[in-house]
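I have placed the structure first, in the form of structure tokens, so that the comments after it can refer back to it.
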Amino acid sequence: MDKFLANRYIFLFSRLLIGLLFVFSGITKLMEPVQEFALQVEQYQLLPQILIMPFAYALPWVELIFGGLLILGIWVKLDAGILGLTMTAFIIAISQAMIRGIGLTDCGCFGEVIEVGETPGQVLIRDIVLMLPIIYLFFSKTKFFSMDKYLLK
């Protein structure tokens, strides 16, 4: 197991995959009016009305900042932890919407700029699969091609 967690190439691939995905997601949400993303958040019927706009303002920046830091290899474990919690929140949001029979028109993953056209079940499976490289990064034992190698001595 230690050899797997120390694999430099899995580490780099996971970092770039998850980092680029979250940066792209954050940018696409920032390209549209925040009210559009807030409507997508509201369709989940999960947050109190008073928290929808603050969440809609904050999430794209969380995705962009921590995705960018992950690409650069700065604070990889922290980034993986925060993005893992973010992905867990997405999984919970999709799951509760499916259980409650809420008809989601779009997951809101990439804002209104790109409509992925996935069913809620497909989004759930995709998000669960994407948790695997995030978990790997959190427990990884390498700092290959990352700034952490120099910052965390």
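The values are calculated or read from the model by the stated rules, or taken from the named source; none is laboratory data. It should be emphasised that the depicted structure is a prediction, and the values quoted were computed from it without experimental measurement. In this analysis, Cβ positions are derived from the backbone assuming ideal geometry, glycine residues included, and neighbour counts consider all displayed protein chains.
Of all the criteria given as (1) within 30 Å of L151 (Cα to Cα); (2) touching a Lys or Arg at 6+ places or on another chain (Cβ under 8 Å); (3) touching a residue at least 40 places away in the same chain (Cβ under 8 Å), the one not satisfied by A80 is (2).
Screening segment 96-106 for residues that are within 19 Å of A38 (Cα to Cα) and in contact (Cβ under 8 Å) with a residue 24 or more places away in the chain and picking the one that is surrounded by the most Cβ atoms within 10 Å (Cβ to Cβ) gives A97. When the criteria are applied in full, L16 fails the requirement of being of a type in the set (A, V, I, L, M), touching a Phe, Trp or Tyr at 6+ places or on another chain (Cβ under 7 Å) and assigned to a helix (DSSP H, G or I). Scanning for something at positive phi, surrounded by fewer than 16 Cβ atoms within 10 Å (Cβ to Cβ) and either hydrophobic (A, V, I, L, M, F, W, C) or in contact with a Lys or Arg (Cβ under 9 Å, 6 or more places away or on another chain) (or both), does segment 47-68 turn up at least one residue? Within segment 47-68, not a single residue is at positive phi, surrounded by fewer than 16 Cβ atoms within 10 Å (Cβ to Cβ) and either hydrophobic (A, V, I, L, M, F, W, C) or in contact with a Lys or Arg (Cβ under 9 Å, 6 or more places away or on another chain) (or both). Could you tell me whether any residue of segment 7-29 is over 13 Å from the mean Cα position of the chain (by Cα), of a type in the set (A, V, I, L, M) and modelled with pLDDT under 95? Within segment 7-29, one or more residues are over 13 Å from the mean Cα position of the chain (by Cα), of a type in the set (A, V, I, L, M) and modelled with pLDDT under 95. Examine segment 111-119 for a residue that is over 30 Å from A6 (Cα atoms), without any contact (Cβ under 8 Å) to a residue 60 or more places away in the chain, surrounded by 19 or more Cβ atoms within 10 Å (Cβ to Cβ) and in contact with a Lys or Arg (Cβ under 9 Å, 6 or more places away or on another chain), and state whether such a residue exists. Taking every residue of segment 111-119 in turn, none turns out to be over 30 Å from A6 (Cα atoms), without any contact (Cβ under 8 Å) to a residue 60 or more places away in the chain, surrounded by 19 or more Cβ atoms within 10 Å (Cβ to Cβ) and in contact with a Lys or Arg (Cβ under 9 Å, 6 or more places away or on another chain). Identify all residues within segment 73-103 that are in a helix (DSSP H, G or I) and out of contact with any helix residue (DSSP H, G or I) (no Cβ under 7 Å at 6 or more places or on another chain); write none if there are none. Scanning segment 73-103 gives L78, L85, T88, A89, I92, A93, Q96, I99.
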